[in-house]
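First up is the structure itself, then whatever we jot down about it.
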Amino acid sequence: MFWSTVALISCVKLLLIPSYRSTDFEVHRNWLAITHSLPISKWYQEATSEWTLDYPPLFAWFEFFLSHFAKFFDPEMLEVKNLNYASSGTVLFQRLSVIVTDLVFAYGTQELCSYLSSSGIRKSSKWGSRWGSPATILQILLLGNAGLLLVDHIHFQYNGFLLGLLLISVARILQVFSRLFPFKRGLCHAYWAPNFWALYNIVDKALTIAGRHMGLTSDVPAAVMTGGLVQEYKHVILPEITPRTTFVCTLLSILPALVKLWCCPSNPYHFVRCIVLCASGSFMFGWHVHEKAILLVIIPLSFMAVIWKKEAQMYVLLATVGHYSLFPLLFTSFEQPIKVLVLLLHSCYAFANLASLFDMKKCSACLPLLNTFESIYLLGLIPLFLYESVIHPYLGLNTRLPFLPLMLTSVYCSLGISYFWLKYYWHFLTTSEINHKRKAH
């Protein structure tokens with residue numbers, strides 16, 4: 001029934017071939033000629049016609065693909081100089097090209113209708129037997145869409161093809177939606193990502209333990225949030241966090257940065273700073289954040305670190321603690337020297353060369369580029385690592401408190417990352433909108 005409907009509506013489209021056509025017909029003919037006759041380097045420079053190629057590259061490649069079939073109908077249409085060319089062969093080909101590429105729209109419709117049929121949505125008891133199922137009605141609404149018939153098959157455009165890609169995307173996202181948004185997996189990953197929720201969790205844990213010793217709270221499973229498996233957790237003392245809460249927190253965290261960017265459109269560096277802060281906001285407050293998401297902050301910040309001294313200072317702090325927070329991902333003894341060596345090499349290179357780039361003189365009590373407080377914090381990673389890899393197993397705590405090292409890493413790193421986030425946000429909001437040349441300031 002579905003493809004019979006497609007064939008029937010395609011016949012209606014064939015009847016519309018001789019109908020009125022707009023200037024878009026010549027626009028697309030010219031684009032066929034440009035992409036077929038000229039090298040790629042000239043596609044966006046050719047200006048013989050007033051209808052220059054100005055669509056995104058993928059659509060230009062679509063025209064290039066069609067041009068290989070157009071030459072069998074009338075090769076003259078592929079000459080750039082033949083402005084307003086509209087032979088019968090040209091008209092036939094271009095009209096047929098819209099009809100044929102509408103099969104993408106038909107396929108998208110079928111996929112969406114298939115999802116609807118399998119989703120358990122029932123037919124209405126009042127209308128179902130008379131007008132068909134929801135999927136049947138949807139198929140007619142989409143395939144027989146009046147707007148597409150008017151705009152694509154009379155006025156002349158390729159909206160059906162493009163909207164077909166949209167329908168396919170929607171249908172595909174609906175068989176996997178629950179996996180794209182894993183709300184059932186709980187607020188935190190098996191190893192807490194070092195963000196705000198790690199601090200929130202540890203406060204709840206501390207209050208719960210204190211309450212248990214004081215006889216104020218009932219017993220709860222020990223260390224449930226630091227288990228190796230994905231589990232849901234109910235906060236005992238602090239309010240429960242829902243996906244909606246994390247969404248609101250994330251939105252509020254990035255909103256000031258977006259407003260600042262909107263108010264300062266002339267500074268391209270603010271765009272990169274905004275990317276860093278949006279990634280930071282998602283990392284700090286998102287639902288079920290993975291620890292590796294910190295790379296979304298570190299990588300774009302690397303660009304700013306070689307331009308501005310302030311960002312170089314914040315980069316060495318974030319990069320060191322952020323990369324250290326990834327250590328639990330490599331937990332076997334074989335990788336221990338490898339991950340330490342890689343982090344040391346990267347951090348030493350960053351400290352030495354960024355300090356040299358901005359002519360920073362090292363303070364005897366501090367690491368290059370950092371103040372005393374920041375230096376002490378980063379150096380604290382050394383005893384933390386020694387405890388996790390040497391002291392904790394030596395004391396025989398791996399059996400009784402197996403996930404304590406993970407929790408310590410998460411909480412300690414979250415303090416440094418939170419400090420970076422607040423400091424960088426203040427830097428962004430107070431930075432002038434004027435484009436500066438690279439200098440220390």
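Meeting the requirement of 1 or more residues that are over 21 Å from the mean Cα position of the chain (by Cα) and surrounded by fewer than 19 Cβ atoms within 10 Å (Cβ to Cβ), the helices (runs of 4 or more DSSP H) wholly within the range 228-321 are 243-263. For the range 373-415, the tally of residues that are in a helix (DSSP H, G or I) and either open to solvent by less than 70 Å² (accessible area, probe 1.4 Å) or in contact (Cβ under 8 Å) with a residue 60 or more places away in the chain (or both) stands at 25. Restricting 354, 341 to residues that are part of a helix (DSSP H, G or I) and buried (at least 18 other Cβ atoms within 10 Å of the Cβ) narrows the list to 354.
Take the conditions over 16 Å from residue 24 (Cβ atoms) and either surrounded by 14 or more Cβ atoms within 10 Å (Cβ to Cβ) or in contact with a helix residue (DSSP H, G or I) (Cβ under 8 Å, 6 or more places away or on another chain) (or both) and apply them to residue 78. Does it pass?
yes
Is it the case that the range 178-196 has a residue that's open to solvent by 60 Å² or more (accessible area, probe 1.4 Å), modelled with pLDDT of 90 or more and either of a type in the set (A, V, I, L, M) or not in a loop (DSSP other than H, G, I, E, B) (or both)? Scanning the range 178-196, I find at least one residue that is open to solvent by 60 Å² or more (accessible area, probe 1.4 Å), modelled with pLDDT of 90 or more and either of a type in the set (A, V, I, L, M) or not in a loop (DSSP other than H, G, I, E, B) (or both), so the answer is yes.
Restricting attention to the range 293-350, the residues that are without any contact (Cβ under 8 Å) to a residue 12 or more places away in the chain and hydroxyl-bearing (Ser, Thr, Tyr) add up to 3. Restricting attention to the range 11-50, the residues that are assigned to a helix (DSSP H, G or I), open to solvent by 30 Å² or more (accessible area, probe 1.4 Å) and of a type in the set (S, T, N, Q) add up to 2. Scanning the range 115-139 for residues being surrounded by 15 or more Cβ atoms within 10 Å (Cβ to Cβ) and either modelled with pLDDT of 55 or more or assigned to a helix (DSSP H, G or I) (or both) gives a total of 10.
The values are calculated or read from the model by the stated rules, or taken from the named source; none is laboratory data. Quantities reported herein were computed from a predicted structural model and do not represent experimental measurements. As a convention, Cβ positions derive from the backbone with ideal geometry for all residues, glycine included, and neighbour counts pool all protein chains shown. Surface areas here come from the heavy atoms of the whole protein model, side chains and all, with no ligands, DNA or RNA. Shrake-Rupley method; radii C 1.70, N 1.55, O 1.52, S 1.80 Å.
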